[in-house]
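Below: one structure, written as structure tokens.
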Amino acid sequence: DMSTKQRRVELITYGYTRNVQGFSRALPIVLINLIRMFYDEVVHWNVEGQKLKQFLNAKHRECVMAPRSFTAHDIKFRMSVFPDGHIESAEGYVGYFLSVLFIPSSIQCFSIYLVLECEVEPGHTYNFKDVVRWTRNDMNSSDGWYSQPKLSDLAQVKAMHFSCFIDFLYVCYETETPAAAETRTTTTTTASSSSPNNTANCSVQQQQQQQPLRIDYIKEFYIAKECQYVWRFDEEYTERIKQIRPKIAITSENFGHNAWCLEFIPNGDRFLIVKQCAMFIKLVAFPVHIKEIEIVCTLRRNTDIEKKLEHIKLTHAQNNSGHWMGEVLSASTKKKMELSVEVQIINVVDDNDNSVDASLWSK
């Protein structure tokens with residue numbers, strides 16, 4: 001369970017080391033960093049003091065690198081931030097990315113579930129979720145968010161806390177070792193209903209036939225073929241997100257065996273060309289050996305706005321789809337809001353462009 005694992009690691013790494021004052025720490029920073037060293041799936045980076053002043057005065061396209069890189073599965077990563085944006089359309093907004101610096105020659109490709117967070121004050125956190133697939137040709141490439149928060153809104157902030165959580169879904173190697181040849185593994189990709197006997201099971205199974213790649217690591221996870229989710233906003237939270245800048249998105253918790261989430265842009269695009277909010281369905285768990293997952297879904301805002309998305313093809317490169325969903329939230333007089341989604345998988349295509357028969361999904 002990716003969400004449960006993330007919460008557990010977060011609790012261990014900073015749940016006990018940061019009190020209700022946010023950045024006023026109950027324990028010395030040296031001890032906090034020592035604790036964090038033992039949990040390399042969550043990497044932390046604090047920006048404060050003189051470093052924060054430099055951050056707030058950064059020029060457009062100027063990159064600020066995290067103090068150090070980190071390694072997992074022999075792959076080297078590093079966090080980076082563009083305080084004033086890295087492209088023209090993102091100027092004035094903070095961009096936060098994870099870059100892959102080095103991939104061993106033995107690794108052909110790998111996939112991770114990624115969560116990037118930025119806390120600018122207690123209880124005020126921006127986050128980004130994605131599932132990323134990298135190959136050895138993707139060294140020095142990045143994934144992350146382009147535009148949150150707005151740099152000018154951070155003038156009174158005393159400290160910023162960046163964190164990065166990664167969870168490997170699989171690692172594929174080019175060649176087999178003798179030991180691996182004896183217990184060659186692959187994954188069966190399926191998608192079915194959310195009941196215990198009908199789930200999309202991406203578990204490791206021993207196979208005797210030759211495989212072009214050796215899958216050295218794979219995580220067991222599930223994708224519900226059909227699922228529903230309701231995201232409710234109480235009065236306090238609705239009022240809060242009415243103040244969010246245009247273009248900035250918020251993200252729901254994961255649902256459907258933690259394989260899906262919703263993204264919501266409450267106050268339209270940055271240039272106010274389209275004065276509507278936007279809502280997206282996003283797949284955050286993509287199986288190995290699968291090229292495309294086709295879905296149909298229905299997005300709803302409260303009970304009065306409904307949009308149907310049909311024959312949406314989700315891939316590693318495009319794992320979300322959405323629609324404009326009525327007036328921006330800042331113009332709404334409603335005190336509460338409810339977003340909901342119904343999603344169904346209708347087709348699965350493997351790496352060889354073959355459609356996987358639905359009768360095999362549950363296997």
Per residue, what accessible area does the stretch 98-137 have, given a 1.4 Å probe and all protein chains present, in Å²? 33 Å²
Taking all protein chains in place and a 1.4 Å probe, what share, in percent, of the accessible surface of the stretch 39-158 do carbon and sulfur account for? 45 percent
For a 23 Å ceiling on Cα separation, which of these pairs sit above it: K219/K307; K247/K335; K53/K150? K219/K307
Please state the relative contact order of the stretch 231-363 as a whole percent: Cα pairs under 8 Å, 6+ residues apart? 27 percent
To one decimal place, what orientation-averaged projected area in nm² is obtained for the convex hull of the Cα set of the stretch 85-150? 5.2 nm²
State the volume of the convex hull built on the alpha-carbon positions of the stretch 51-170, expressed per residue in Å³ and rounded to an integer. 101 Å³
Given a 1.4 angstrom probe, what's the average accessible area per residue across the stretch 219-258, in square angstrom? 53 Å²
Contour minus end-to-end for K59 and A159, with contour as 0.36 nm per residue of separation and end-to-end as the Cα-Cα distance? 34.1 nm
Bins of 10 Å, beginning at zero and ending with the bin holding the largest distance: percent of Cα pairs per bin for the stretch 219-311, please. 13, 42, 32, 13, 1
Excluding ligands and nucleic acids, what accessible area in Å² is computed for S105 using a 1.4 Å probe, to the nearest 10? 90 Å²
Mind listing the phi-derived Karplus ³J(HN,Hα) values for the stretch 318-323, rounded to whole Hz, using 6.51, -1.76 and 1.60 with θ = phi - 60°, and x for any glycine or proline? 9, 9, 9, 7, x, 7
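The values are calculated or read from the model by the stated rules, or taken from the named source; none is laboratory data. Quantities reported herein were computed from a predicted structural model and do not represent experimental measurements. When the accessible area is computed, the model is the full protein with side chains, heavy atoms only, and any ligands, DNA or RNA have been set aside. Shrake-Rupley method; radii C 1.70, N 1.55, O 1.52, S 1.80 Å.
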